[in-house]
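I'd like to ask you about the structure that follows.
The values are calculated or read from the model by the stated rules, or taken from the named source; none is laboratory data. Here the structure is a predicted model, which means the values were calculated and not measured. For neighbour counting, all protein chains shown are included, and Cβ atoms are generated from backbone atoms with ideal geometry for every residue, glycine included. The area values use the complete protein model at the heavy-atom level, side chains included, leaving out ligands, DNA and RNA. Shrake-Rupley method; radii C 1.70, N 1.55, O 1.52, S 1.80 Å.
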Amino acid sequence: MEYFVNCNTSTLAPYTTPLDKYRAAHLYRRLGFSASVQTINQAVGQTAGTLVNSLINEAVNMAPTPAPAWADWNNSNYPADDDLAGQVRRAQREEWRISYTNGLLNNNLRERLSFFWSNHLVTELDVYDCNSFLYYYVNCLQRNAIGNFRTFISEMGLTSAMLYYLDGVYNNGNNPNENYARELYELFTLGEGNGYTEEDIIETAKALTGYVERGEIGCEQVLFDPTRFDAGPKTILGQTGNWGYDDVINILFQQRPNEIAAFICGKLYEFFVHPDSSDDAGNAQTIISGMASTFVANNFEIAPVLTQLFSSQHFFDDEAIGVIIKSPFDIYLNLINETNFAYDNGTLLNVVDTSRLLGQELFDPFDVAGWQRDRTWINTNFMIGRWLSAEVYLEMFYQNNPQQFRTLAMDAVGAADSNTSNPETVVSAIVDKITPKGLLTPQDFENAMSVFKIEDVPENYYGSDYIPGGLGLWMLSVSPEVPSQVFLLLMHLSRQPEFQLK
């Protein structure tokens, strides 16, 4: 697949043209995991500013996922028998994966952001290995996903998941461990080598000491122990004092606001707009600079930056549409949302398992740098897996209820055409629904038409608006072949390059 060069020269000025289906679908593919025909139809005619404000407010006001019964369990709450304890732990993780994936499917921007941040402020469940820590980590992601970034960084560094993952619990006054200090600067706030030195890392590690493992029970929340804290003077980013944890955050955001803003806004840009933000990528750097100014001016509140970006001409430019390669979660969750096919908890667990096989394991990114996304999703092995797995889901939906494929087609063409005898009307509507920009060439569209027009339907059964002299005996709302036709079309489209993009 060709790599998209970023030629977008539009600005951050508001996009004021009322939204059409094409751009409304783009917004939902980026701000959530896509949307049904009905949701897109409701968005058509709204201004970007109105719809974006609505989605931002929904995210800001959304409560975190309620705490499960085991949120505060430590090892003493599990059965003494190791095998039984393992079964309970696995059942809890399964429950939480279903709950979170359901949120990804339904919570639009809030969960899209919590998932984004989980790949920025990375921890790995298989390292810290405690379900209570997982709950509080996700809770921190959800509460801060569209809150204040400074508060977010401060709270995340004190979650037990992060303290165990980056060795904060082994960082004490006598023997500092630099892991978290290094990643705090390099990956979480400033970017590699940007505005800090090795000496800053060493001194910061001393300031972060004192958060230690608790007792012998295991899976207990980490607390501060002043006897394990380095109480000597430290010099961090040019500031000298007997600094502790809160001081590190204060100094970092006071001394390096512009560097933090540019780094984080670059990450947001590459995730939501275009993977290429290099100096020669259209005017990406100008856009990121504008976002960064907004970030600093709003004291690191995330919402104003996203409001500005998602309402902009730059975001809705043709050059921004269909240029990001879907992650595994995008493939399956977008398919469920776009088709509106029925699903259950088993479907969601399948999504989690299939995504893991294709390189995206929920709560377990590849390493501290996270999934590198985009082109890494489509190496040779993963590409075949993406094709085959999409077909498996479509087959499963078809076996469960073939008629929902007819419903999709009727929804896609709209009420006025719900009884059309023109196959081109149906194929166009479905292609436009599940690809961001349609198919690349007229021949590609003809190929899709050939798949849809199965041999069971004689050519002259289609309507005269498609074939001169056609009988119109084939009708979308009643012909028995329709579910099979739509199924075969979706199977075909799921293997097209355009299906891999959002």
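On a straight-distance basis, which lysines could pair with residue 206 in a cross-link, Cα separation under 16 angstrom, same-chain partners fewer than 8 positions away excluded?
234
Is the chain best put as rounded, prolate or oblate by its Cα gyration tensor, with a ≥ b ≥ c the root eigenvalues, rounded for a/c under 1.5, and otherwise prolate when a/b is larger than b/c, oblate when not?
Prolate, because a/c is 1.5 or more and a/b exceeds b/c.
On average, how much area does the Cα convex hull of the stretch 12-98 cover when viewed from any direction, in nm²?
Average of the hull's projected areas for the stretch 12-98 equals 8.6 nm².
Provide the gained length on full extension for the span residue 38 to residue 479, in nm with one decimal, where the gain is 0.36 nm per separating residue minus the Cα-Cα distance.
Stretched fully, the residue 38-residue 479 segment lengthens by 156.4 nm.
On to the next question. Starting from the Cα-Cα distance between residue 401 and residue 216, subtract it from 0.36 nm times their residue separation and give me the gain in nm to one decimal.
61.3 nm
Which are the unpartnered cysteines of the chain, meaning those with no other cysteine Cβ under 4.7 Å from their Cβ?
Among the cysteines of the chain, those whose Cβ sits 4.7 Å or more from every other are 7, 140, 265.
Let me ask something else about it. Quick check: at a probe of 1.4 Å, how many percent of the accessible area of the chain sits on carbon and sulfur atoms?
Here it works out to 49 percent.
What's the magnitude of the charge dipole for the chain around its Cα centre, counting Lys and Arg as +1 and Asp and Glu as -1 at the beta-carbon? Answer in Debye, nearest 20.
For the chain, the charge dipole is close to 940 debye.
Moving on. I'd like the FRET efficiency for residue 418 and residue 299, computed as 1/(1 + (r/R0)^6) with the beta carbon distance as r and R0 of 56 Å, rounded to 0.05.
Efficiency at R0 = 56 Å is approximately 0.65.
Continuing with this model, one more query. Return the inverse of the average 1/r over all pairs of distinct C-alpha atoms in the stretch 83-136, which is the Kirkwood hydrodynamic radius, in Å to one decimal.
It works out to 12.3 Å.
Rolling a 1.4 angstrom probe over the protein heavy atoms, how many square angstrom per residue are accessible across the chain?
In whole numbers, the chain has 40 Å² accessible per residue.
While we're looking at this one, here's another question. Just to be sure I follow: if Rg is taken over the C-alpha atoms of the stretch 247-367 and Rh is the Kirkwood radius over the same atoms, what is Rg/Rh?
1.06
Okay, moving on. Regarding the stretch 393-502, what is the average projected area of its C-alpha convex hull, in nm²?
For the stretch 393-502, averaging the hull's shadow over all directions gives 6.7 nm².
Using Stokes-Einstein with the Kirkwood hydrodynamic radius over Cα pairs, what translational diffusion coefficient do you get for the stretch 110-169 at 37 °C and a viscosity of 0.692 mPa s, in µm²/s rounded to a whole number?
290
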